[in-house]
Amino acid sequence: MSTATSAQVRIERLAMRAGIGDLARKVFARERLSREDGVRLYRSDLHAVGALANHVRERMHGDLTYFNVNQHINYTNICNKLCRFCAFQRLPGQPGAYAMTPAEAAAKIRAQLAEPVTEVHMVAGIHPKLTYEYYLDLLRAVKAERPSIHIKAFTMVELDQIAKKARKPLEDVLPELIAAGLGSVPGGGAEIFADRVHQESYHLKISGEQWLETARKVHRAGLRSNCTMLHGHIETIEERVDHLDRLRLLQDETGGFQTYVPLSFHPDNTEMSHVPGPTALDELRELAVGRLLLDNIPHIKAYWILMDIPIAQTALSFGADDVDGTVVEEKIYHEAGATTPQKVMRQELIQWIRDAGRVPVERDTLYNVVWSGAN
Ligand code: V47
C-alpha cells in the first residue's frame, strides 16, 4: 500500500469538502472514473476538480509544458455543411469566399522559411468542387516548399470528403495521402457526438459515430491524430461526458490519439450568437475534466488562440500540459470573435510558460523533444 504524500492529503481534504473524496481516492489509485463520476466533476467545486486534474498532470508530465513552432493554413473557407456554430464558412460566390491554390498555400510556407517552423496545421471548409487531385497537390506543394515540415492536416470530416471525391474507400486513400506528405491528423470536426446535437447544429456533416469510425481508420493506417470537443453551445453535461467516454473507448482500442483539445464555443457572427459561450472558469473546468476522464490520452492542450493568454497559463495548473504553437495566421476563431493575437513568437511562448511556473519544452508534432528548457 502506498503512503499518501502531504500534497495528496491536502487535495483529498479539498475533494472531501467538495463531496468528491471518493473520486480523489480513485484518482490516487489510478482507477478509471465512470460516466457518473464525470457528471459529478462538472457539478463540483472547481478548485477541487482542478487540484485533482493538476495531480494527474504532474504525475504524467511533472512541470513539463509542451509547445511547437507551427503555422496554420486554412486553405479554403468555402463550405457546404452550414454548421450553426461556425463563423468561418462562406458559400461559393459569397463575399469573402476564398480557396487557395496549392501554389498559394506553398507561398504561405515560403513566407515562413526564416522561422524554425516544424509543423503546418491545415484545416478548412468542405468545398464541394475541390478534386481528389487538389488535396494530393496541396500536400505535395507544401512538402516541396519545405521538405522537413510535418503536415498535420484534414479533420475526419475533410478526410470523409476526400475519400468521396476519390471514389475509393478511406483505407485506400490514406496511404496515398501519406505518400503525398500527410504526417498526422488534427482533432477537429468532432463537435459533440450525441445524435441530438448533430441533428440540431451540424446535421449536414458526418455524425459522431462516423467521426469515430473515420478516426479508427486513420489510426489503423498508422497515423496519429488529436481529438476535440466543442463545448459551451447547446450540449448538456451528460452529452459532454458521453463524448469524452466515447473518445476514451476508441483510445482503448487504437491508442492513436495524442492530445485532447477542448474547443470553447465562440458565438460572434454565428447562427448561435445569442448563446453566451463558455466563461474562463468553464474553460478551466473543461480542461480539468478532460484530464481526469481521458486517463489514456497522453496530452491535454490549452489552445491559447481560444482563451485569453492568462487563462491558458492558469490552465497549466488545471490539467493542461500543452499550449499549441506559434500559429502565425488563424481564421476560424478570429472570425468568431477571438481577441487573441494571430501569432506569437517562440520566445514569448517560452516566457508565458515560465511565468506560469512550468518548464517549457519545444516538441515536434509527434512529441519528440526539439528543445528543452529543463536543461
Ligand atoms: O472542427 C468552428 C471548431 C474546429 C467554432 O488538433 C469552433 O491540435 C468554437 O480542428 N467556436 C477546427 N469552435 C479547429 C481544429 C483544431 C484547432 C486547434 C488545435 C487542433 C489540434 C485542432 O473548430 C472545427 C470546429 O469544431 N469551431 N467554429 C466556433 N465558432
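The values are calculated or read from the model by the stated rules, or taken from the named source; none is laboratory data. These numbers come from a predicted model, not from an experiment. Cβ sites come from the backbone with ideal geometry, for glycine too, and all protein chains shown count toward neighbours.
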Just to be sure I understand the filter: pairs with C-beta atoms under 6 Å, separated by 6 or more residues or on different chains, first member in region 30-52 and assigned to a helix (DSSP H, G or I), second member not aliphatic (A, V, I, L, M). Which pairs pass? R35/D245; L46/R285; G50/F318
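Each row is one residue, and each column tells you yes or no for (1) at negative phi; (2) charged (D, E, K, R); (3) surrounded by fewer than 23 Cβ atoms within 10 Å (Cβ to Cβ).
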| position | (1), (2), (3) |
| --- | --- |
| P298 | yes, no, yes |
| I309 | yes, no, yes |
| K331 | yes, yes, yes |
| A336 | yes, no, yes |
| E348 | yes, yes, yes |
| I353 | yes, no, no |
| V359 | yes, no, yes |
| D364 | yes, yes, yes |
Just the residues that are outside any helix (DSSP H, G or I) and closer than 12 Å to L292 by Cβ, please, taken from region 1-29. I20
Determine whether region 82-91 contains at least one residue that is more than 30 Å from Q347 (Cβ to Cβ) and over 22 Å from the mean Cα position of the chain (by Cα). yes
Would you be able to tell me the number of residues in region 213-259 that are over 30 Å from E176 (Cα atoms) and away from the ligand (no atom under 13 Å from the Cβ)? 9
Can you tell me which residues in region 204-243 are more than 16 Å from V157 (Cβ to Cβ) and touching a residue at least 60 places away in the same chain (Cβ under 8 Å)? R224, H233, I237, E238, R240, V241, D242
All positions within region 293-305 that are in contact (Cβ under 8 Å) with a residue 24 or more places away in the chain, in contact with a helix residue (DSSP H, G or I) (Cβ under 6 Å, 6 or more places away or on another chain) and either β-branched (V, I, T) or within 15 Å of the ligand (Cβ to nearest atom) (or both): L294, I297, I300, W304, I305
Count of region 53-107 residues which are touching a residue at least 24 places away in the same chain (Cβ under 8 Å), farther than 30 Å from E31 by Cβ and in a loop (DSSP other than H, G, I, E, B): 17
Is it true that S201 is free of Cβ contacts under 8 Å to residues at least 60 places away in the same chain and under 20 Å from K81 (Cα atoms)? no
Tell me, which residue of region 312-344 that is within 15 Å of the ligand (Cβ to nearest atom), free of Cβ contacts under 8 Å to residues at least 40 places away in the same chain and of a type outside the set (K, R) is nearest to L287 (Cα to Cα)? A315
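Does region 137-148 contain at least one residue that is of a type in the set (S, T, Y), crowded, with 16+ Cβ neighbours inside 10 Å and either in contact (Cβ under 8 Å) with a residue 12 or more places away in the chain or away from the ligand (no atom under 16 Å from the Cβ) (or both)?
Residues of region 137-148 of a type in the set (S, T, Y): 148.
Retained after the next criterion (residues that are crowded, with 16+ Cβ neighbours inside 10 Å): none.
No, region 137-148 has no match at all.
Kindly provide the set of residues from region 3-31 that are of a type in the set (S, T, Y) and either within 19 Å of G62 (Cα to Cα) or surrounded by 13 or more Cβ atoms within 10 Å (Cβ to Cβ) (or both), ordered by number. Let's see the steps before the verdict.
As a first pass, look at region 3-31 and keep what is of a type in the set (S, T, Y): 3, 5-6.
Passing the criteria: T5, S6.
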Taking the condition of a type in the set (D, E) and exposed (fewer than 14 other Cβ atoms within 10 Å of the Cβ), does E58 pass? no
Residue list for region 292-326, filter: part of a strand (DSSP E or B) and of a type outside the set (K, R): H299, I300, D322, V323, D324, G325
Among (1) among the hydrophobic types (A, V, I, L, M, F, W, C); (2) surrounded by fewer than 17 Cβ atoms within 10 Å (Cβ to Cβ); (3) assigned to a loop (DSSP other than H, G, I, E, B), where does A124 come up short? (2)
Top-ranked residue in region 260-282 [being among the hydrophobic types (A, V, I, L, M, F, W, C) and more than 9 Å from the ligand (Cβ to nearest atom); ranked as farthest from the chain's Cα centre (by Cα)]: V275
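Out of the residues in region 270-282 that are in a helix (DSSP H, G or I) and either among the polar types (S, T, N, Q) or touching a residue at least 40 places away in the same chain (Cβ under 8 Å) (or both), state the one that is surrounded by the fewest Cβ atoms within 10 Å (Cβ to Cβ). Talk me through it step by step, then tell me what you get.
The first filter runs over region 270-282 and keeps only residues in a helix (DSSP H, G or I), leaving 280-282.
Still in the running and either among the polar types (S, T, N, Q) or touching a residue at least 40 places away in the same chain (Cβ under 8 Å) (or both): 281-282.
Values: L281: 13, D282: 18.
In this case the residue turns out to be L281.
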Please go through (1) more than 12 Å from the ligand (Cβ to nearest atom); (2) farther than 25 Å from E283 by Cβ for H198 and return the number of the only condition it doesn't satisfy. (2)
Does T228 satisfy the criteria of being assigned to a helix (DSSP H, G or I), modelled with pLDDT of 95 or more and surrounded by 20 or more Cβ atoms within 10 Å (Cβ to Cβ)? no
Just wondering, is there one or more residues in region 33-50 that are buried (at least 22 other Cβ atoms within 10 Å of the Cβ), modelled with pLDDT of 95 or more and over 15 Å from L293 (Cβ atoms)? yes
